[in-house]
Amino acid sequence: VMTNQQIDQVIGVLGGDTPSYLSVFAGRIADTGIDPINIMAKTVTKLKQAKNCQLIWASPRELLNIIQADSIGCHVITVTSDILNKLKMIDYSLEKYSLDTVKMFYDDAKAAGYTV
């Protein structure tokens, strides 16, 4: 599910006594250049009317998506191990990260046989 129309159609048939999940592919939406945050936030609001239905933020692309999903009250986010491994980067100093990046480029160049 990726469009507001699809979301509305699915919500229209959910909400009974059976627990359910609505999986919106936010990462794929973002792949088209559209920021998915508005669609996802509106879906969280719409699902308040659908009893027993929770939203899944599917296909995240970056660590920021976890923070975004949490900030809008998204119930579930599917996350790859690559993204989970970046959790340690939350609130990491940009000054330190900048230096780490320069060192990484330097080490890569050295390993490739380049000299500076």
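The values are calculated or read from the model by the stated rules, or taken from the named source; none is laboratory data. What you are looking at is a predicted structure, and each value in this text was computed from that prediction instead of being measured. Using ideal geometry, Cβ is built from the backbone for each residue, glycine included, and neighbour counts are taken over all protein chains shown. For the accessible areas, the whole protein counts, side chains as well, though only heavy atoms, and no ligand, DNA or RNA atoms are used. Shrake-Rupley method; radii C 1.70, N 1.55, O 1.52, S 1.80 Å.
Things to note:
- Per residue, the accessible area of the range 29-104 comes to 66 Å², computed with a 1.4 Å probe over protein heavy atoms only.
- For the range 50-98, the relative contact order works out to 37 percent when only alpha carbon pairs closer than 8 Å and six or more residues apart are counted.
- Rounded tilt (10° steps) of 37-47 against the dominant C-alpha axis of the chain: 30 degrees
- Relative contact order computed over the chain (Cα-Cα under 8 Å; 6+ residues apart), in percent: 22 percent
- With every protein chain in place, the range 41-116: carbon and sulfur % of accessible area (1.4 Å): 56 percent
- Taking Cα atoms only, the orientation of helix 94-111 departs from the longest principal axis of the chain by about 60 degrees.
- Residues within the reach of a label modelled at THR78 (point 7 angstrom out along Cα to beta-carbon, backbone nitrogen below 17 Å), restricted to the range 47-63, are 54-63.
- Placing +1 on each Lys and Arg Cβ and -1 on each Asp and Glu Cβ, with no other charges, gives the chain a dipole about its Cα centre of roughly 220 debye.
- Difference of contour (0.36 nm per residue) and Cα-Cα distance, SER23 to GLU95: 22.2 nm
- Built amide H within the under 5 Å cut-off of LEU55, gap 5+: LEU22, HIS75, VAL76
- Ratio of Rg to Rh for the chain: 1.18 [Cα atoms; Kirkwood radius as inverse mean 1/r over pairs].
- Annotation for the range 29-116: chymotrypsin sites (Phe, Trp or Tyr not before Pro) lying in DSSP loop with at most 12 further Cβ atoms inside 10 Å of their Cβ are TYR92, TYR114.
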